Amino acid sequence: MHTKTKPYYKIWYFKLLLLIITKVPTLSIAQTYPIKNYSIADGLSAMQCSTLFKDSRGFIWVTTKNGISRFDGENFKNFFEEDGLYDSKLTHGITEDSNGTILILNGKYIFEYDGQKFFKIPLPIDIKELDTHALTKVKDRFFIRCKTKQDYGALSTIFEYFPKERKFTKLLFPKTQEGLFCPQFFDGEKWYGFKASLGKNNNKNIYSCSKTGIKKIVNTINNSGNVYYKTKYNDLIISYIDEAGTTFFKRKLANNTLENWIKIDNENHPVVVRPQSKDMIFEWSGHLYLIDAHSTQLQLVNNEYGSISEIMAGDTRNDHWMATDKGLLHFI
């Protein structure tokens, strides 16, 4: 059950934050940005935020360590077990179907929310209840990335969910004697991920997988490969360490090519290698940067809000949202 605790966080009023740079790249400059930090005092269900989703009605949904918060621009509405959720601490993704129904991955269920009540659909029985899951929507297709009882220490199982039929289909990926493909990201045509061995030592080179088979696309060292995305554009971002020991971040471009976007220099500072066609937000070592479209200039936004788990970058600067372990951030 949800128990109320007395809020002890200071209320954050609208203000300009004076930002101070310490040990940041020479290419970075301090900027003054109007940022709102929403906290428990504002109605957020918990300070530790994990994922974000903006629905077709304009509501911002936030999964937190204790429940789900929905923000209408002025107030938060929170959802807990007493509202119909399975477990307030086990929400791993929110999205929306073509009818405007909100889909929530919570515990061992997918919940449908029609604006009034929840309806729960049990997940396939072989998905471990407490392991990490992720619910994503790509081109009107819904996927659950998870770990099942047959996996070998990697998130290597994908189920596709069909909301109209309320059914699941397990996707099958090619295997070889060298290992199995661990999918992480789908761009609508190809899956991207690792090729992991059946033992403890995983090969974290990056591979793509399509109907024609598996193809290695990035060589890494020290098991350093990672595939992830943190923006509403469903960007594919790959991080890796090359043979020279340099950390790079690659980004998939509109023409489907992967090109280096940012590298980390010898002093652990990010440097933009290739400008992008839109504003980008980048986090490194607890520092949050804004990079203007067509620019290589990293502008330090803040270094005081802790770890950022997800970024939802909008079409305009005042539509950028960030889920952090110290609340919900919004450029205003």
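Some points to look at:
- Whole-Hz ³J(HN,Hα) from phi, Karplus 6.51 cos²θ - 1.76 cosθ + 1.60, for the range 279-284, glycine and proline x: 4, 10, 10, 9, 10, 8
- Separation of the Asp114 and Ser210 label points, Cα + 7 Å toward Cβ, nm: 4.1
- Calculated on C-alpha atoms, the gyration radius of the range 242-326 divided by its Kirkwood radius gives an Rg/Rh of 0.96.
- Spacing of the two label points (7 Å from each Cα toward its C-beta) at Ser307 and Lys263, in nm: 2.8
- Here each label is just a point 7 Å from Cα along the line to Cβ, and for Arg141 and Leu253 those points are 2.6 nm apart.
- The amide H of Ser295, built 1.01 Å from its N in the peptide plane, has Gln276 as neighbours under 5 Å, considering only residues 5 or more places off or on other chains.
- Extension gain, Val273 back to Ile121 (0.36 nm per residue minus Cα-Cα distance, nm): 50.2 nm
- In a DSSP loop and with at most 10 other Cβ atoms within 10 Å, the GluC sites (Glu not before Pro) in the range 29-137 are Glu74.
- Amide H contacts of Val138 (H built 1.01 Å from N, under 5 Å, at least 5 apart or other chain): Phe143
- Cα shape, the range 242-288, gyration tensor, a/c 1.5 rule: oblate
None of the figures in this text is laboratory data; all of them are computed from the coordinates on show. Remember, predicted model here, so these are calculated numbers, not experimental data. Reconstructed Cβ throughout: ideal geometry from the backbone, glycine too, with neighbour counts over all protein chains shown.
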